[in-house]
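Below you'll find the structure, written out as structure tokens, and then a few comments.
The values are calculated or read from the model by the stated rules, or taken from the named source; none is laboratory data. It should be emphasised that the depicted structure is a prediction, and the values quoted were computed from it without experimental measurement. Because the Cβ atoms are built from the backbone with ideal geometry, glycine has one as well, and the counts that use them run over all protein chains shown.
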Amino acid sequence: MERGTIGPQATDGPGRTWAVLCHLSALAWWALPGVGHLLGPLVLWLVKRGDDEFVDAHGKEAVNFQISCTLYGVALMLAAVGWLFPVGMGIVHTGWGDWVSWPPRLLAFLGFGIGWLLVFGGIVVWHLLVFWAAFRASNGQAYRYPLTIRWIR
């Protein structure tokens, strides 16, 4: 096995199809927001991991990536919302009419906006990576997602 690969190259057969489905099942996020992207790959991997080493490797990679993305997404959302907490406290304390407090409020609203742009940008990148991994699996190639914490080895 080459350095940087996640497992053996697949031969023709159902292993490729199941490996592709392990990645694409993360799109269940659209049907079950919050858990679909985790449940889809996890269920497929648990069911098919013993059938083919290629499916096992891609399933682990897909599950690890989805867990990592969940953690990154929660951190980004908390950071984006965290920018607004001081603003809310300032409005409660001083009211909307205090012009002295507008520069910090503006900064907080900008931070909130930038944070949510990063969240939505992350969703776009997530989709691209899922499709790229599925493409690589369909060609029988190994794939490792970037910035993935390998929880399952």
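Close contacts from region 19-38, counting a first residue that is closer than 16 Å to Arg136 by Cβ and a second that is surrounded by fewer than 19 Cβ atoms within 10 Å (Cβ to Cβ), with Cβ to Cβ under 6 Å and a gap of 6+ residues or different chains, come to Val20/Ser138. Considering only residues that are modelled with pLDDT of 95 or more and of a type in the set (Phe, Trp, Tyr), which ones fall in region 127-144? If the condition is that a residue be modelled with pLDDT of 95 or more and of a type in the set (Phe, Trp, Tyr), then Phe131, Trp132, Phe135 are the ones that fit.
Listed here are the helices (runs of 4 or more DSSP H) enclosed by region 35-121 that have at least 2 residues being at pLDDT 90 or above: 36-48, 53-82.
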